[in-house]
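**Student:** Handing you this structure, nothing more for now.
The values are calculated or read from the model by the stated rules, or taken from the named source; none is laboratory data. Bear in mind the structure is a predicted one, so any value in this text is a computation, not a measurement. SASA here: full protein model, heavy atoms, side chains in, ligands and nucleic acids out. Shrake-Rupley method; radii C 1.70, N 1.55, O 1.52, S 1.80 Å.
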Amino acid sequence: VSLSAESLPECPISSFIESKVRDCMKVVPNADKTITVRLISDCSRQFSVPEVVRRHFRMAMESDAVVEPPSQVKYQQKAIALFQKIDGLDVCIYCMYVQEYNGDDNYERKEVVNVKSRQKKRVYIAYLDSVEHFRPRECRTEVYHEILVSYLATARARGYD
């Protein structure tokens, strides 16, 4: 069985980005048909906040209580890849790793139960990489920009700032 980028599962994020990228490539006949965008990884993660950081960023509340940052921060890590069929083979041309923070971590309040964070939902673009094999070359920068802008549009639609 032959594996291809098109055989990877689609999701609303990858479908939206792929359609936007294909639209911007329509200036070159049939170039848009060589493109596939997929969300190749979507994992729940968390990290521990060091005690020294938690102590440093304590906040005093109006009720004389002290609120500390959470001991654990949760996020979704996603990897989005652009594949292009070149000479019959799917080549991974571009990859972007993002971290999505929901802002719903519990801040610890001394003397009282935990309080929910008032943080806004945020995205962090952790890593971008590309190779110079993209064809046609004159569309390369525009396509890479379109992937970034389209991802940010999907994040905004999902409530992220």
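**Student:** Can you name the strands (runs of 3 or more DSSP E) wholly within the stretch 1-112 that have at least 1 residues being among the β-branched types (V, I, T)? Quick ask: steps written out before the conclusion?
**Tutor:** Numbers: elements: 35-48, 66-68, 72-86, 89-101, 106-109.
Filter on the stretch 1-112 gives 35-48, 66-68, 72-86, 89-101.
**Student:** Filter the stretch 130-161 down to the residues that are polar (S, T, N, Q) and assigned to a helix (DSSP H, G or I), then identify the one that is most open to solvent (accessible area, probe 1.4 Å). Walk me through how you get there before you give the answer.
**Tutor:** Applying the first criterion (polar (S, T, N, Q)) to the stretch 130-161 yields 130, 141, 150, 154.
Subset that is assigned to a helix (DSSP H, G or I): 141, 150, 154.
On the way: T141: 85, S150: 3, T154: 16 Å².
Looking at the filtered set, the residue picked out is T141.
**Student:** Still on this structure: Quick check on the stretch 77-86. Is at least one of its residues more than 14 Å from the chain's Cα centre (by Cα) and open to solvent by 40 Å² or more (accessible area, probe 1.4 Å)?
**Tutor:** Initial filter on the stretch 77-86 (more than 14 Å from the chain's Cα centre (by Cα)): 83-86.
Narrowing the set further to residues that are open to solvent by 40 Å² or more (accessible area, probe 1.4 Å) leaves 85.
Within the stretch 77-86, one or more residues are more than 14 Å from the chain's Cα centre (by Cα) and open to solvent by 40 Å² or more (accessible area, probe 1.4 Å).
**Student:** Which residue, of V73, V37, V91, is modelled with pLDDT under 95 and of a type in the set (A, V, I, L, M)?
**Tutor:** Details: V37 fails: modelled with pLDDT under 95; V91 fails: modelled with pLDDT under 95.
Answer to the check: V73.
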